[in-house]
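Below is one structure; the comments refer to it alone.
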Amino acid sequence: MSKSEKQKRIGILTAGGDCPGLNAAIRGVGKTAIVEYGMEVLGFNAGYLGLINKDYIVLKESQLSGILTVGGTILGTSREKPYKIVKSDSTESDKPEKIKQTYKELGLDCVVCIGGNGTMKTANMLAQEGMNVIGIPKTIDNDVWGTDVTFGFESAVQIATDAIDRLHTTANSHQRVMIIEVMGHNAGWLALYAGMAGGGDIILIPEVPYNIRSVCKKIEKRYEDKKPYSIVVVAEGIEHPKKGSAASYLAEAITTYTEIETRETVLGYIQRGGSPTPMDRILATRYGAFAAQCIADGCFGTMVALKKGELTTVPLDEVGGNLRLVEPDNPLIIKARKMGVSFGDEFL
């Protein structure tokens, strides 16, 4: 940087649900921005709340060392949605104005927003307000539109697969049906990948409508074929009565229809914790370093993404409001069906 060039000052925040790899992404952005481009880096605490309340810390390179393997986020997170209008108060929120004020008073050249779909939607709104924004996609759900993969997903698949592996042994010992429910909201990526990696006999995802009688017939057929247990991997977002979890509904229905002992396990927040896998560390680092490069190049109003193994950017206004869901003809689903895996939609 020449003496005539002004030192850039950027902000970083992590918003939405936590997941493994957030610190790796913060490190990737911060170290590249400081070492390669001589930028000043501010870290905003608790997601968009940090921008609203002007709550931040100055991140030095030394503070970014030793966090690569650490789960969670050193900046904290929140589900604050600055543009959301509370139903009880139809007046327009002043939070966006506070964010613009923080941005201006601190002399920011860009804010890097690390998060999932909701975070990208807000990031786009901030960009529409005239702020320089770059998004980095993270979520264990892997449902952010515009990228082939989000960091956090691979770590969650590993955690869910480990759990399924353990259920195999107790299911075999007791000759039971074991149901494991994984996260994913309305996307079935986590259930599909963990189900395949863990050898699930039945995989139920929101994108493929299932029939409970078809599920039960699959289980009964396995017992007729002298296969003493069955593993059912289910995404939390499948169609089921609102009362209770998807897993509890399936366990009760299967027990009622088949009279086979059935137990459920809801994996829950365990999927979002712990240290990121090596691949998530690398992906988050790549995303972070590329985001810093985009800032240097003035490529704002975009989200960094991975497509066919190559880093690229997509406009934020194309990302917000869209979901990347599993297509029913996904190659992995086709291969699974050929191996006898049921998705609960077989004809009775």
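Surface composition of the chain: carbon and sulfur atoms hold 50% of the protein heavy-atom accessible area at a 1.4 Å probe. In plain terms, the bigger the Kirkwood radius, the slower the diffusion; for the stretch 220-348, with that radius from Cα pairs, at 4 °C and 1.567 mPa s, Stokes-Einstein puts D at 67 µm²/s.
Based on C-alpha pairs under 8 angstrom that are at least 6 apart in sequence, the stretch 200-348 has a relative contact order of 36 percent.
Applying a 4.7 Å Cβ-Cβ cutoff to the chain leaves CYS19, CYS110, CYS113, CYS216 as cysteine residues with no disulfide-compatible partner. Just report the Cα centroid separation between the stretch 120-142 and the stretch 1-80, whole Å. Centre-to-centre distance over Cα atoms comes out at 15 Å. Averaging the sequence gap over all C-alpha pairs within less than 8 Å and six or more residues apart, then dividing by the number of residues, gives the chain a relative contact order of 23 percent. Bridgeable lysines around LYS335 (alpha carbons under 22 Å apart, same-chain partners fewer than 8 residues away excluded): LYS217, LYS218, LYS221, LYS227, LYS308. Computed with every protein chain present, the accessible area of CYS294 is close to 10 Å² [probe 1.4 Å].
If we count trypsin sites (Lys or Arg not before Pro) as exposed when they sit in a DSSP loop and have at most 12 other beta carbons within 10 Å, what is the longest stretch of the chain that avoids them all? My reading of the result: 88-225 is the longest stretch.
For the cross-link pairs LYS226/LYS338; LYS6/LYS81; LYS31/LYS104; LYS8/LYS98; LYS98/LYS138, the ones whose C-alpha atoms lie over 30 Å apart are LYS6/LYS81. Contact order, relative form, for the stretch 233-277: 24 percent (alpha carbon pairs under 8 Å, 6 or more residues apart, mean separation divided by residue count). Between the helical axis of 117-128 and the longest alpha-carbon principal axis of the chain there is an angle of about 30 degrees. Taking the longest Cα principal axis of the chain as reference, the axis of helix 95-105 is set at about 40 degrees.
Given (1) 157; (2) 145; (3) 136, which label gives volume of the Cα convex hull per residue in Å³ as computed from the coordinates? The value matching this structure is (3). In the context of the full set of protein chains, the chain has a per residue accessible area of 46 Å² (1.4 Å probe).
The values are calculated or read from the model by the stated rules, or taken from the named source; none is laboratory data. Please read these numbers as outputs of a predicted model, since none were measured by experiment. Please note: Cβ atoms are built from the backbone with ideal geometry, for glycine as well, and neighbour counts cover all protein chains shown. These area figures cover heavy atoms from the full protein model, side chains too; ligands, DNA and RNA do not enter into them. Shrake-Rupley method; radii C 1.70, N 1.55, O 1.52, S 1.80 Å.
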